[in-house]
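Here's the structure we're looking at; comments come further down.
The values are calculated or read from the model by the stated rules, or taken from the named source; none is laboratory data. What you see is a predicted model; the values in this text were computed from it and never measured. Counting neighbours? That spans all protein chains shown, and the Cβs are built from the backbone with ideal geometry, glycine included.
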Amino acid sequence: MSHLLKVEWRKQRKGVLLVPILLCLILLPVIGGMAFSYLIQNDRTVEQVWAIIYETFHLLWSYVVIIVIVIYAALVVDVEHRSGMWPSVLLYPYAKWKHFFIKVLWVFILVQLFGLISWVSIATVSLLYGGVESSELIAFGTLLYLPFLLALPFVIFQTFLSVVLSNSFVSMGIGMFVFLFHNLLPSVWLPWGSMIQPFLEGQPVNVVDIIFLMVGAALYTMISLFFFERKTFSTGVE
């Protein structure tokens, strides 16, 4: 399995994969700093500024999580679809499901890295401007990183779409549908909605939500593997 991980990384266009992470590392501190300076100039206290920034992230961050997953799922799978490499890849002496698992694992790793970098970026702004207690910084970390961790079912589903649909516009289009309407979907589809709120409010997590997360991940895995095992890949770009 470790060999497959290394092979997968060697195939990838590293610069392209790192672009979203670098943008996050640069843009979040810049935007956060500009917002901080603007609000301070408009007679807001430091505490009020951080409260506004926190609420803004609370409202918008789920959209960021979804678009990051959609982008990384498309990027990680794109190399096989562009070059028609899937038949050659599947000739490796490994079970077919392992190739799908490796794709999911790399997408999951990259989105976790994005979430952690987001937290680091906001921590950088807090060091520059002050006014954030350690408990508040932990709350920011929970808000910014935890959704990426709890979005595993959607990572599996979106990677599956990117693998079996050779036209990336179709798989990304489905992802964008989720992006636009995820607030109307039940939490079993995107479980962090129901699981993250107790963390933010200092309450215990509902056991039912944990079960939904586990069942969702297992269900998407089984469905994805069922169709992936039956998928016939073309020797050329489809």
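Is it fair to say V163 is part of a helix (DSSP H, G or I) and touching an Asp or Glu at 6+ places or on another chain (Cβ under 9 Å)? First the steps, then the outcome.
On the way: part of a helix (DSSP H, G or I): yes; touching an Asp or Glu at 6+ places or on another chain (Cβ under 9 Å): yes.
Yes.
Against the criterion of being part of a helix (DSSP H, G or I), over 25 Å from S118 (Cα atoms), touching a helix residue (DSSP H, G or I) at 6+ places or on another chain (Cβ under 6 Å) and modelled with pLDDT of 80 or more, V170 does not qualify. Filtered by the rule that a residue be surrounded by 14 or more Cβ atoms within 10 Å (Cβ to Cβ) and acidic (D, E), the stretch 44-54 gives no residues. Taking the stretch 128-155 as the range and being outside any helix (DSSP H, G or I) and farther than 21 Å from L59 by Cα as the test, the residues that pass are G130, G131, E133.
Can S162 be described as at pLDDT 75 or above, surrounded by 15 or more Cβ atoms within 10 Å (Cβ to Cβ) and closer than 29 Å to S37 by Cα? No; evaluated as a whole, the condition is false for this residue. Scanning the stretch 24-43 for residues that are surrounded by 15 or more Cβ atoms within 10 Å (Cβ to Cβ) and aromatic (F, W, Y) turns up just one, F36.
In this entry, Y145 is excluded by the filter for residues that are closer than 30 Å to Q48 by Cα, of a type in the set (F, W, Y) and more than 14 Å from the chain's Cα centre (by Cα). Among the residues of this structure, S224 counts as one that is more than 21 Å from A139 (Cα to Cα), modelled with pLDDT of 70 or more, of a type in the set (S, T, Y) and in a helix (DSSP H, G or I).
Of the residues contained in the stretch 137-146, none is found to be at pLDDT below 80 and within 16 Å of V64 (Cα to Cα). Filtering V89, V70, V79 for residues that are under 21 Å from the mean Cα position of the chain (by Cα), modelled with pLDDT under 80 and aliphatic (A, V, I, L, M) leaves a single hit, V79.
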